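Notes to accompany the following structure.
The values are calculated or read from the model by the stated rules, or taken from the named source; none is laboratory data. Keep in mind it's a predicted model, so treat the numbers as computed, not measured. Note that each Cβ is placed from the backbone with ideal geometry, even for glycine, and that neighbours are counted across all protein chains shown.
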């Protein structure tokens, strides 16, 4: 048994190293610049100790800063700001926000392109959280079906070109994936043993997830919903519900503690977040075009999730700006492997994923509530990304990839067990049960 744990550790270390190695040559995105511009909040809070610059105000002290502050998660601010402080990169080295109405030359000339030192510091500060997600995914799949789907799921996610591209950039995606998958793992643990310790872990991980990026809400909803249904079916339902409510309160407290802007007027700040999100989506759809109906949404979902060739940019002009960076990246060994890659393989991957849903529901070797939690979470990711994503931007689909990883791993496990069982019945004594997965 010990040698299996050693193999597991080496496997995870290898995948995390693969993610880390390709970070420096990952093509640049303008949103990295904007998020680094907003990292001045760290200096306002911890260097200047002037929270008045962060608090929500109406009218705002600085409209651009307040809008970006409300729209974006705050864990990034603390992680990157702390990394900057360790490396001695003060606020005076921060760039200005990216101007999407101008070309890259203008942005370079006006100090909107971050220095290499600043950019790499931020990237290497956030990319370990993608590794955290890979580790959490391993234990989720292992709890669900053993080591076989755990290795399949982590290989799929760690080598996924879209996950690598967005998770290596100095943006919030690595934090979102890492803490959402950690929350899912903590929920599995809670269902297996709803102790106060596991309640604490669930609340902390979920609080960090929603504070990393607001779309983590689409993980928290099915997770807490299924945990609530589980609690209501148990003998100690009142105690279980009390623990789950405590975890929910902890989520709110962590979110509020990490969002200084909300401290003075949380109700008005919350309303402004909803307004700004609506305005942002409206502008994006107006500028880049939205889906033309239900069938077009399904097509976009299938192409971005199951074919999943990396989308390096959303603005067409960027092909000329970062073309050389893309060439270097794709000529390396670190750009990943598109498991779907083309329509034929995407159809196969889709079938295996759907088979995985069926396998999770039918499997009898692991507790049913854990299986139902994963299926509910995975299907919820598919539904929300497919029908709530207004335009074909790949990074809006990122949380569907871990669901594909887990369910495809379970689908392949079912195929493997079926093949072993078929061969066993064909060539051995039919009265003896065949071996399954470790």
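Could you please let me know if residue 114 is in a loop (DSSP other than H, G, I, E, B), surrounded by 24 or more Cβ atoms within 10 Å (Cβ to Cβ), over 15 Å from the mean Cα position of the chain (by Cα) and touching a residue at least 24 places away in the same chain (Cβ under 8 Å)?
On the way: in a loop (DSSP other than H, G, I, E, B): yes; surrounded by 24 or more Cβ atoms within 10 Å (Cβ to Cβ): yes; over 15 Å from the mean Cα position of the chain (by Cα): yes; touching a residue at least 24 places away in the same chain (Cβ under 8 Å): yes.
Against the criterion (in a loop (DSSP other than H, G, I, E, B), surrounded by 24 or more Cβ atoms within 10 Å (Cβ to Cβ), over 15 Å from the mean Cα position of the chain (by Cα) and touching a residue at least 24 places away in the same chain (Cβ under 8 Å)), residue 114 qualifies.
Among the candidates 208, 132, which residue alone is in contact (Cβ under 8 Å) with a residue 12 or more places away in the chain and either buried (at least 21 other Cβ atoms within 10 Å of the Cβ) or more than 20 Å from residue 76 (Cα to Cα) (or both)?
Values: 132 fails: either buried (at least 21 other Cβ atoms within 10 Å of the Cβ) or more than 20 Å from residue 76 (Cα to Cα) (or both).
Being in contact (Cβ under 8 Å) with a residue 12 or more places away in the chain and either buried (at least 21 other Cβ atoms within 10 Å of the Cβ) or more than 20 Å from residue 76 (Cα to Cα) (or both) holds for just one of 208, 132, which is 208.
Which of the helices (runs of 4 or more DSSP H) found entirely inside segment 214-295 contain at least 1 residues meeting this: touching a helix residue (DSSP H, G or I) at 6+ places or on another chain (Cβ under 9 Å) and modelled with pLDDT under 95?
Where helices (runs of 4 or more DSSP H) fall fully within segment 214-295 and carry at least 1 residues being touching a helix residue (DSSP H, G or I) at 6+ places or on another chain (Cβ under 9 Å) and modelled with pLDDT under 95, they are 266-288.
Just one of (1) modelled with pLDDT under 95; (2) buried (at least 17 other Cβ atoms within 10 Å of the Cβ) trips up residue 416, so point out which.
Going through the list (1) modelled with pLDDT under 95; (2) buried (at least 17 other Cβ atoms within 10 Å of the Cβ), residue 416 breaks only (2).
Go through (1) assigned to a helix (DSSP H, G or I); (2) buried (at least 24 other Cβ atoms within 10 Å of the Cβ) for residue 142 and report which single condition fails.
Failing condition for residue 142: (2).
Working carefully through the options 10, 35, 51, 15, find the one that is modelled with pLDDT of 95 or more and over 24 Å from residue 134 (Cβ atoms).
On the way: 10 fails: over 24 Å from residue 134 (Cβ atoms); 35 fails: over 24 Å from residue 134 (Cβ atoms); 15 fails: over 24 Å from residue 134 (Cβ atoms).
Checking each option against the conditions leaves just 51.
Could you list, in sequence order, all residues of segment 317-346 that are surrounded by 14 or more Cβ atoms within 10 Å (Cβ to Cβ) and closer than 27 Å to residue 148 by Cβ?
Answer for segment 317-346, where residues must be surrounded by 14 or more Cβ atoms within 10 Å (Cβ to Cβ) and closer than 27 Å to residue 148 by Cβ: 334, 335, 336, 338, 339, 340, 341, 345, 346.
Kindly provide the set of residues from segment 362-378 that are at pLDDT below 95 and either over 17 Å from residue 233 (Cβ atoms) or assigned to a loop (DSSP other than H, G, I, E, B) (or both), ordered by number.
Within segment 362-378, 362, 363, 364, 365, 366, 367 qualify.
Among 406, 348, 383, which is over 20 Å from the mean Cα position of the chain (by Cα) and over 27 Å from residue 315 (Cβ atoms)? It would help to see each step written out before you state the result.
On the way: 406 fails: over 20 Å from the mean Cα position of the chain (by Cα); 383 fails: over 20 Å from the mean Cα position of the chain (by Cα).
Of the residues listed, the single one that is over 20 Å from the mean Cα position of the chain (by Cα) and over 27 Å from residue 315 (Cβ atoms) is 348.
Give me the pairs: first residue in segment 145-171 and on the phi > 0 side of the Ramachandran plot, second residue crowded, with 24+ Cβ neighbours inside 10 Å and in a helix (DSSP H, G or I), beta-carbon distance under 8 Å, and six or more apart or on different chains, which are they?
Within 8 Å, the pairs are 146/413.
Take residue 391 and decide whether it is farther than 23 Å from residue 184 by Cβ, touching a helix residue (DSSP H, G or I) at 6+ places or on another chain (Cβ under 7 Å) and surrounded by fewer than 19 Cβ atoms within 10 Å (Cβ to Cβ).
Details: farther than 23 Å from residue 184 by Cβ: yes; touching a helix residue (DSSP H, G or I) at 6+ places or on another chain (Cβ under 7 Å): yes; surrounded by fewer than 19 Cβ atoms within 10 Å (Cβ to Cβ): yes.
Taking the combined requirement at face value, the residue satisfies it.
Look through 287, 239 and report the one residue that is surrounded by fewer than 21 Cβ atoms within 10 Å (Cβ to Cβ) and over 30 Å from residue 386 (Cα atoms). Give the steps one after another, and end with the answer.
Values: 287 fails: over 30 Å from residue 386 (Cα atoms).
Just one listed residue meets the conditions, 239.
I'd like the full set of residues that are surrounded by 19 or more Cβ atoms within 10 Å (Cβ to Cβ) and within 21 Å of residue 22 (Cα to Cα), limited to segment 303-312.
Result: 308, 310, 312.
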